[in-house]
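FYI, it's all coordinate maths here, none of it is from the lab. The shown structure was predicted, so the numbers you read here are calculated from the model rather than taken from an experiment. Note: ideal-geometry Cβ built from the backbone for every residue, glycine included; neighbour counts use all protein chains shown.
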Amino acid sequence: MTDVQTGGDMEAVKRLSEAYARLKSELAKVIVGQEQVIDEVLTTIFARGHGLLVGVPGLAKTLLISTLSEALNLSFNRIQFTPDLMPSDITGTEVIQEDKATGQREFKFIQGPVFANVVLADEINRTPPKTQASLLEAMQEHQVTAGGTRHALPEPFFVLATQNPIEQEGTYPLPEAQLDRFMFMIHVGYPSADEELKIIQETTSAKETKLGQVLDGDDILALQDLVRKVPVADHVVNYALEFSRRTRVTQEESPDFVKQWVAWGSGPRASQYLILGAKARAILNGRTFVSGEDIRAVAHPVLRHRIICNFSAEAEGITSDTIVDKLIESIPRADADAGTTA
């Protein structure tokens, strides 16, 4: 794939940057605050990834995702994960139907709610591992296999899942292999006092909000392809690689604090997502090159669910975000910030 360099590509970069600003403006009509969350969700979408939103109830995680699908003019399905949910409730099932003209019976596949552009997996840790795993093929291959037949999912396709971090009774934590399928783990925090006041004023009135449609599916697919064309200089790639490799306790270059607090570090997918996230961030901000600042900006959402802290870290109140903070401080950034183009 060629780099972004032609006049048509530059025009597309400008269009994406303008669409990004319009999207944020439309979302702001419904969502108060949460600017970083919105940035990270949009970065995930344009990098062709999946996102896991983690936050306590009532922080508009579900509302953000449904509002986003409306502004993007995409089909949207919400799946409420519960302990009795079965895999076929998500992917679909085969039923026997009789052809009234011939009298013959045949199997017909009835699509499940995963067949949508935007799939909201609400409280994904509320359902058993067997049902959680039914999303794996859809997330990785963008298809569902039933009765030996593959059924392609609509494009663009992405899963945005939510999780409540404080209530763990009767839940089934996602295994690391499935967590790794999510490009970003996005922390949704409490609003500020001013934002909460505005939320109360807007949600307790008779105000009705109409959203404008900014992009459609074909636009998003084209812009996702454009993100892949953004050039990355070798020294920036090496800078991203340092973040992944230094989290691994078996590597010689891993710092002492990693060996002290980390049980398992991130795999190669972290390096891939650091670069893809940085590319998306750069082009959303109207730039056609990736800098070290872009890598640092996506380091937390990419790495926080890929670093497994040990008991010593837990005893000292050290989290994966703490590890990422220390990595940002310890990895030399001069080379990564020096160049601007590949």
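Once C-alpha pairs closer than 8 Å and six or more residues apart are averaged by separation and normalised to the residue number of the chain, the relative contact order reads 22 percent.
Proximity of backbone amide H atoms, modeled 1.01 Å from N, is registered between L53 and A161, T162, Q163, I186 at under 5 Å, excluding neighbours fewer than 5 places apart on the same chain. Grab the alpha carbons of segment 82-123, take their convex hull, and tell me the volume per residue in Å³. Dividing the Cα hull volume of segment 82-123 by its residues yields 77 Å³. Segment 19-55 and segment 203-231 have Cα centres separated by 9 Å. Using R0 = 41 Å, the C-beta based FRET efficiency linking E253 and A206 works out to 0.10. Once C-alpha pairs closer than 8 Å and six or more residues apart are averaged by separation and normalised to the residue number of segment 231-338, the relative contact order reads 32 percent. In this structure the amide hydrogen of A146, modeled in the peptide plane, comes within under 5 Å of the amide hydrogens of H151, none closer than 5 places in sequence on its chain. For segment 231-338, the convex hull spanned by the alpha carbon atoms encloses 88 Å³ per residue. Helix 320-330 axis versus longest C-alpha principal axis of the chain: approximately 40°, rounded to the nearest ten.
Close amide H pairs (under 5 Å, H built 1.01 Å from N) link E94 with I110, residues at least 5 positions away or on another chain.
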